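All remarks here apply to the structure that follows.
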Amino acid sequence: MAAVFPTVREVLALDPVRHGAPRVVAGDEGLDRPVRWVHVAEVPDIATLLGGGELVLTTGIGLPGDDAGLRAFIGDLADVGVSGLVVELGRRYVSGVPRVMAAAAERRGLPLVELRRATPFVRITEAVHALIVDAQLTELRATEEIHQRFNDLSVEGADAAEVIRQAAELSGCPVVLENLSRQVLGYDPAGESAELLLDGWEQHSRRIRPAGRTAYDRDSGWLVTTVGARGQDWGRLLLRWPASGDVPSARAVEPTTGPPTRLTILIERAASTLALGRLIRRDAEGLERQIHRTLLTALLDHSRPVDEVGLRAKALGVVLDRRHLVGVMVRHRVDDPAGEVGPEAGQARLRDLSEAVGQALREAKLTALTSAVDDNSVGALLALPDPAAEDRALSAFAGALRRVRLDAGTGRASTAGVDPARGADPAAVIVAAGSCVGSLREARRSLVEARQIAEAARNDRRDLPIFRLPHVGLAGLLHLLRDEPRLQTFVERELGALLEYDARHPREQLLDTLRAYLEQGRNKSAGAAVAHLSRPAFYERLARIARILNVDLDSVEATLSLHVALLALEAVRAP
């Protein structure tokens with residue numbers, strides 16, 4: 001794209017100016033300054049009426065006659081930022097402009113041009129102003145193209161790489177997208193060396209400090225705008241437009257000006273397209289997750305007809321009809337690892353787990369409904385083509401989840417083990433699967449079973465990739481039944497008297513003595529060692545327990561009932 005305003009060099013190439021036989025006598029390094037307007041002046045104090053960027057035409061008849069006055073005249077023009085001074089010879093100056101004027105212009109870098117042949121100034125002003133108007137129309141059309149191009153990209157949902165490529169193509173300049181940590185997310189060198197562009201980028205970027213949300217940093221030559229929406233900024237988009245001397249004259253700008261307005265419009269439109277695209281993708285993903293959660297919840301609590309769930313899932317791209325379905329639940333082994341996790345931290349932890357489950361399903365190429373189903377668990381309903389694929393699919397999912405969580409640094413593994421000396425690993429998760437069912441109407445049974453298995457497996461000391469119903473054993477079964485009033489009644493009938501005794505004698509805690517005895521297979525010597533008691537003291541406590549409970553602790557049937565009651569008590573007390 002061409003600049004909006006022509007340069008002094010371009011003005012000198014116009015036919016009406018060439019007719020005057022122009023000759024540059026000073027300040028040729030400023031010939032690439034843009035000409036905003038042409039102004040004819042014959043008074044020495046014209047500088048007070050100018051705003052900068054004008055090309056001043058004069059015959060010199062009103063200029064000062066002394067050297068000091070000429071120096072002041074040139075200095076005033078340079079201070080106000082005019083693009084150049086054109087003097088027609090013949091009326092005031094015949095053979096050439098005064099040397100003092102040329103020397104002053106050279107010192108200030110102000111282009112000073114002689115017209116050695118008489119030329120009507122009106123022709124020059126008409127030609128230059130027509131050029132400016134044409135350039136402004138070109139700029140307007142370019143701006144319209146920018147708006148249209150980025151509107152199309154927004155509608156098409158173009159990715160960041162395509163937006164950056166289009167920005168570089170429209171501007172002809174290198175474009176870089178970075179995050180708030182100054183890491184490059186994407187770039188297009190616009191034909192230049194990518195290696196040179198990105199070499200030492202972070203250090204270079206931190207020196208780019210524009211004054212404003214969108215601004216030009218003259219020292220570095222980068223036009224910068226912030227990328228973000230809804231008050232959440234997440235990056236910067238940068239376009240390189242160096243000052244004069246750093247690039248060819250076709251793209252050079254005078255240090256007193258910045259990049260063309262269209263480039264500011266371009267970079268802001270590109271940034272808004274990037275921000276909108278990110279919001280759309282995030283919101284679309286969020287909406288999809290909401291629908292997944294709605295459908296899974298509907299299956300669990302019967303809030304919607306099963307046929308409607310199947311229809312909506314199919315519209316979402318998850319076919320559940322005529323598929324073999326397996327409910328899966330993934331949860332952290334420890335709900336609150338530090339004892340201090342608040343609502344926000346807990347939600348973030350669950351959200352991370354939900355994202356990991358979704359990514360693992362994608363990597364394993366499995367079709368499933370998936371979302372968080374409560375404050376602690378992420379559920380998935382796998383849709384398999386045939387029952388033979390069940391074990392293979394679950395193994396692929398567990399392996400993918402392990403890799404995803406390792407890559408994300410959220411845990412040592414997806415199902416991290418348990419150190420008996422220190423308790424459960426706070427980063428560990430449990431993956432539990434229900435039974436495979438043949439219809440959507442049975443899906444709730446598989447999901448509920450998976451949830452119950454996941455709950456029961458929290459106290460399991462094994463490190464299994466997938467927990468299934470056979471893995472949870474008696475302790476798991478009791479955990480599944482912990483809310484059953486009849487189980488709670490059984491616990492009270494078997495152990496109630498001993499629990500009441502311990503409540504009155506907190507220093508003795510006979511329940512721990514009974515547990516040590518039963519867990520050691522009724523081996524009294526081993527039980528005494530585990531309880532850190534002498535054998536006489538341990539025997540005396542066992543006798544006291546037998547009297548309190550009115551049972552024979554040598555009876556296999558009685559001790560079996562007590563052991564089941566202890567396991568049930570642990571299940572009932574478990575959070």
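The values are calculated or read from the model by the stated rules, or taken from the named source; none is laboratory data. Predicted, not measured: the structure shown is a model, and the values here were computed from it. Every residue, glycine among them, receives a Cβ derived from its backbone with ideal geometry; neighbour counts consider all protein chains shown. SASA here: full protein model, heavy atoms, side chains in, ligands and nucleic acids out. Shrake-Rupley method; radii C 1.70, N 1.55, O 1.52, S 1.80 Å.
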Worksheet item: Hey, got the dipole for the chain? About the Cα centre, +1 on K and R Cβ, -1 on D and E Cβ, debye to the nearest 20?
Response: 920
Response to the item:
Checked against the positive end of the charge dipole of the chain (+1 on Cβ of Lys and Arg, -1 on Cβ of Asp and Glu, about the Cα centre), the farthest of Leu477, Pro34, Ser95 is Leu477
Response to the item:
Using alpha carbon centers only, the range 38-87 is separated from the range 346-411 by a whole-angstrom value of 75
Worksheet item: Residue separation times 0.36 nm, minus the C-alpha to C-alpha distance between Tyr539 and Thr214: what's the value?
Response: 108.7 nm
Fill in: Cα gyration tensor shape of the chain, rounded if a/c is under 1.5, else prolate or oblate by comparing a/b with b/c
prolate
Worksheet item: What FRET efficiency do you get for His19 and Glu169 if R0 is 56 Å and r is their Cβ-Cβ distance, rounded to the nearest 0.05?
Response: 0.90
Worksheet item: With each label point set 7 Å from Cα along the Cα-Cβ vector, what nm distance links Gln203 and Glu492?
Response: 7.4
Response to the item:
Dipole check, the range 1-63, charges on Cβ (K,R +1; D,E -1), about Cα centroid: among His19, Phe5, Thr48 the Cα furthest to the positive pole belongs to His19
Discussion item. Please give the Cα centre distance for the range 463-507 versus the range 7-27, rounded to the nearest Å.
Written reply: 99
Worksheet, complete the sentence: Asserting the computed 222 nm helical MRE of the chain (DSSP H runs at least 4 long, -39500 (n - 2.57) per run, divided by residue count, to nearest 500) equals -16000 deg cm²/dmol
Item to complete: Within 10 Å, count the other beta carbons around each residue, average over each peptide in 542-550, 162-170, 231-239, and list them highest first.
Response: 162-170, 231-239, 542-550
Practice prompt. Just report the Cα centroid separation between the range 174-208 and the range 110-165, whole Å.
Written response: 27
Worksheet item: Do any GluC sites (Glu not before Pro) in the range 495-575 lie in a DSSP loop with no more than 15 other beta carbon atoms within 10 Å, and if so, which?
Response: Glu508
Discussion item. If I model a spin label as a point 7 Å beyond the Cα along the Cα-Cβ vector, how far apart are those points for Val184 and Gln347 in nm?
Written reply: 3.7
Worksheet item: About its Cα centre, how strong a charge dipole does the range 1-136 have in debye, to the nearest 20, once Lys and Arg get +1 and Asp and Glu get -1 at the Cβ?
Response: 340
Discussion item. I'd like to check one number: the per residue accessible area of the range 447-528, probe 1.4 Å, reported in Å² as a whole number.
Written reply: 53
Worksheet, complete the sentence: Measuring from the longest principal axis of the C-alpha atoms of the chain, the long axis of helix 67-80 (C-alpha) lies at a number of degrees, nearest 10, equal to 30
Discussion item. What distance in nm separates the two pseudo spin-label positions at Glu308 and Arg403, each 7 Å out from Cα along the beta-carbon direction?
Written reply: 4.0
Discussion item. Probe radius 1.4 Å, ligands and nucleic acids ignored: give me the carbon and sulfur share of the accessible area of the range 85-211 as a rounded percent.
Written reply: 49
Practice prompt. Compute the length gained on full extension between Asp233 and Arg99: take 0.36 nm times their separation in residues and subtract their Cα-Cα distance, giving the result in nm to one decimal.
Written response: 42.5 nm
Fill in: By average C-beta atoms within 10 angstrom, highest first, the peptides 9-19, 201-211
9-19, 201-211
Worksheet item: If you take the square roots of the eigenvalues of the alpha-carbon gyration tensor of the range 97-210 and sort them as a ≥ b ≥ c, do you get rounded (a/c under 1.5), prolate (a/b over b/c) or oblate?
Response: oblate
Practice prompt. Towards the positive end of the charge dipole of the chain, with charges on Cβ (+1 Lys, Arg; -1 Asp, Glu), say which of Ser205, Pro387, Met329 has the farthest Cα.
Written response: Pro387
